[in-house]
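Below you'll find the structure, written out as structure tokens, and then a few comments.
The values are calculated or read from the model by the stated rules, or taken from the named source; none is laboratory data. Please read all numbers here as calculations on a predicted model, not as lab measurements. Glycine also receives a Cβ, built like all others from the backbone with ideal geometry; neighbour counts cover every protein chain displayed. Areas reflect the complete protein model, heavy atoms only, side chains present, ligands, DNA and RNA absent. Shrake-Rupley method; radii C 1.70, N 1.55, O 1.52, S 1.80 Å.
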Amino acid sequence: MGGGSGGGGAWPVVVMVFLNAIAAVMVSLVKVAMNGGLDPLVLVTLQQLTAAVFLGPIAYLREGKARPRMTLEIFAYLFASAALGAALRQYMIFVALRYTTATFVTAFSNVAPVLTFLLAAATRSESLKLGTATGGAKLAGTLVSLAGAMVLTFYRGVPLTHAHHHSAGQPHYGSAPSPAGAGDPGAGRRWTLGTVAILGNCVCLSCWFLLHGRLARKYPYVYSCNAFMSTFSFLQVAAVGLCAHRSLGLAAWLVTSKFQILTILYAGVVGCGVSFVLLTWCIEKRGPVFVAAFVPVVQIIVSVMDFTVLHETLYLGSVLGSVLVIGGLYLLLWGKRQEALQQPPKVAEHDTEQQQQQQQQQ
């Protein structure tokens, strides 16, 4: 994949908005599929298998002759990246969707940008330089986006459109949802498990952003990198799944519903295969903090879909939160853009590293 000067120009922004639209659709599909009985472990396993089958031939045709031999260091990076970015993260978000709501999962995921920023600053993957305009803009943008995410999560406000009838206890966007089935003694325990799962997903996502950024520099072959990662994550989750569903045998892995099959194909080809390739490219161009800053956009897209497609009520909290998220994102993007313009281009250095790897292979 190519890109213009200055970190790919405007394309990384366009790609990230596109990826968040993909994620919003996948969240809705997965929630409905699991409500129909699809097991999260089976879903992740088949999703990663589908992604590996999809990316494998593309990686071989495009990069088979150019990529260097697999070293122990690259293998360790790929294996850890598969565990964090695909196996653990995907399983945790699917468990969270099973025991909570799509609204709550997208709202809680907004802590990922802050975790990524803190981890990047702690590991010096992201330069702060708070005394400069660019550093101040990045920090202010992150904090403003966090404020907007909190408004989206905890504040509903007055309705701005005609109110629709909602059943008692049904969660709304922009409000902290409560566990469904309050009369069920196990409902609170399941909701707590779902909350812990989405928190674990955010931690894994933030760590994966940083780890994958380093992997992209050491192994700059986008298709091969993600094909190997999907293969490793499939083997990791399949091993756990075979042990967990040992008593059920092959019956646990049979998916007969057409909608569930469609969900698995979408989650594997689009939600994992295409998305991971584009995410890797964006991380390589703009860094992990830039990519993580777009996480709250998922909730905005879900809210827009609810209002335009499902004709749900639009609340003041959704509008205010969205404005803050977009404003904070603009500040962060401006800071990253100015920082990129002030740094010397790294294209020549990147090409030199690739040439050295190819010479070593020969």
At q = 0.20, 0.21, 0.24 Å⁻¹, what base-10 log of I(q)/I(0) does the Debye formula yield for the stretch 195-308 when every alpha carbon is treated as an equal point scatterer in vacuo? -1.29, -1.32, -1.39
Portion, in percent, of the accessible area of the stretch 217-257 that falls on carbon or sulfur, probe 1.4 Å: 69
In whole Hz, what ³J(HN,Hα) sequence does the stretch 92-98 give by Karplus (6.51, -1.76, 1.60; θ = phi - 60°), x for Gly and Pro? 5, 6, 6, 5, 4, 5, 6
Accessible surface ranking that places the most exposed of LEU199, LEU248 first, with a 1.4 angstrom probe: LEU248, LEU199
Can you list residues from other chains, or at least 5 along the same chain, whose modelled amide H is less than 5 Å from the amide H of TYR315? LEU160
Going highest first, how would you order 238-246, 207-215 by mean Cβ packing within 10 Å? 207-215, 238-246
Average accessible area per residue (Å²) across the stretch 196-304 - probe 1.4 Å, nucleic acids and ligands excluded: 37
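Counting only heavy atoms of the protein chains, get the accessible area per residue of the stretch 1-147 (1.4 Å probe) and round it to a whole Å² value. Walk me through the intermediate numbers first.
Numbers: 6400 Å² over 147 residues.
Accessible area per residue, the stretch 1-147: 44 Å².
Give me the percent of accessible area attributable to carbon and sulfur for the stretch 72-162, probe 1.4 angstrom. Each step should come with its number before you reach the end.
On the way: 2860 of 3990 Å².
It is 72 percent, rounded to a whole number.
Let a ≥ b ≥ c be the square roots of the eigenvalues of the Cα gyration tensor of the stretch 19-160; is it rounded (a/c under 1.5), or, if not, prolate (a/b larger than b/c) or oblate? Walk me through the intermediate numbers first.
On the way: a/c = 2.41, a/b = 1.14, b/c = 2.11.
Oblate, since a/c reaches 1.5 and b/c is not below a/b.
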Taking a cut-off of 26 Å between Cα atoms, list the lysines near LYS258, but don't count ones fewer than 8 places away on the same chain. LYS31
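Counting pairs of Cα atoms in the stretch 11-94, how many percent are more than 16 Å apart? It would help to have the intermediate numbers written out before the result.
Values: 2392 of 3486 pairs.
Value for the stretch 11-94: 69 percent of Cα pairs lie more than 16 Å apart.
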Cα-Cα longer than 19 Å, checked against LYS138/LYS218; LYS65/LYS218; LYS285/LYS336; LYS218/LYS285, kept in input order, equals LYS138/LYS218
